[in-house]
1. Restricting attention to the stretch 100-123, report how many residues are more than 14 Å from the chain's Cα centre (by Cα) and surrounded by 14 or more Cβ atoms within 10 Å (Cβ to Cβ).
2. Just need a number here: residues in the stretch 73-99 that are in a loop (DSSP other than H, G, I, E, B) and open to solvent by 50 Å² or more (accessible area, probe 1.4 Å).
3. State whether the residues of the stretch 117-128 include one that is part of a strand (DSSP E or B) and among the acidic types (Asp, Glu).
4. I'm trying to understand the selection: among the residues of the stretch 154-167, which are out of contact with any Ser or Thr (no Cβ under 7 Å at 6 or more places or on another chain) and crowded, with 20+ Cβ neighbours inside 10 Å?
5. Going residue by residue through the stretch 194-203, is there one that turns out to be over 19 Å from Asp152 (Cβ atoms), at pLDDT 55 or above and touching a Lys or Arg at 6+ places or on another chain (Cβ under 7 Å)?
Amino acid sequence: MKKTAIFASMAAALFFTACTDSNTATENTTAVATEAPVAAEGEAYAVDPSASQLTWNGKKVGGEHSGNISLQGGELVVAEGQLVGGEFTIDMASITNTDLTDAKYNADLVGHLKSDDFFGVEQHPTANFKINSISPIADAAAGQPNYNVEGDLTIKGKTNPVSFPATVNVENGNATAKADVIVDRAKYDVRYGSKSFFDDLGDKVIDDNFTVSLDITAKK
């Protein structure tokens, strides 16, 4: 599958947020109880993890980090040639760093991101995103975002709404989507180095917002 942009201070901030596990949904104290969205009707295109890419970028005082993370699986729902819904799961244990060339520093950072200071991967091995609504952007230029996407992102057992523009294409039995999603880790109780929780961090502050860039491909 290709990559659909529906989807980083993730290493230092991207994952300066944490993952989610479907088994910990009952721990979610952030999500407000509302009427469940109606599932989109259409044909399911299976997400191809090997043809998709998910990257993260996180910033901190004096620097930034970036890396990759893998999709575990999911689907995009297509009706009459248009993307109408979908859901996918992220494998939090697959987090890597791509900017540190020193093997020890790289391993230390990845290990820290997987720890309870950030994503708590042992207890929350996956994160999840579910599309609740998607609407075309009128007169979108070729190659530019042509849909607005709204959905629920679950990380570290907490669910919050996110919205973002995405570039979507459906043709020849493939559905692709690309997007940059800004995530506020403070909403997922990822506190390490966050000024939202601590006042005296000095030059150790890590930005609460990190960017996740999605390039997803799903096949009929």
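1. 14
2. 4
3. No, that holds for no residue.
4. Listed by number, the residues that qualify are Phe164, Ala166, Thr167.
5. Within the stretch 194-203, not a single residue is over 19 Å from Asp152 (Cβ atoms), at pLDDT 55 or above and touching a Lys or Arg at 6+ places or on another chain (Cβ under 7 Å).
So that you can scan it fast, the table gives a plain yes or no per residue for (1) in contact with a Phe, Trp or Tyr (Cβ under 7 Å, 6 or more places away or on another chain); (2) acidic (Asp, Glu); (3) modelled with pLDDT of 95 or more:
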site: Ala46; (1), (2), (3): no, no, yes
site: Asn57; (1), (2), (3): yes, no, no
site: Leu76; (1), (2), (3): yes, no, yes
site: Gly86; (1), (2), (3): no, no, yes
site: Lys104; (1), (2), (3): no, no, yes
site: Asp117; (1), (2), (3): yes, yes, no
site: Gly120; (1), (2), (3): no, no, no
site: Gly143; (1), (2), (3): no, no, no
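The values are calculated or read from the model by the stated rules, or taken from the named source; none is laboratory data. What you see is a predicted model, and the numbers here were worked out from it, not measured in a lab. For neighbour counting, all protein chains shown are included, and Cβ atoms are generated from backbone atoms with ideal geometry for every residue, glycine included. When the accessible area is computed, the model is the full protein with side chains, heavy atoms only, and any ligands, DNA or RNA have been set aside. Shrake-Rupley method; radii C 1.70, N 1.55, O 1.52, S 1.80 Å.
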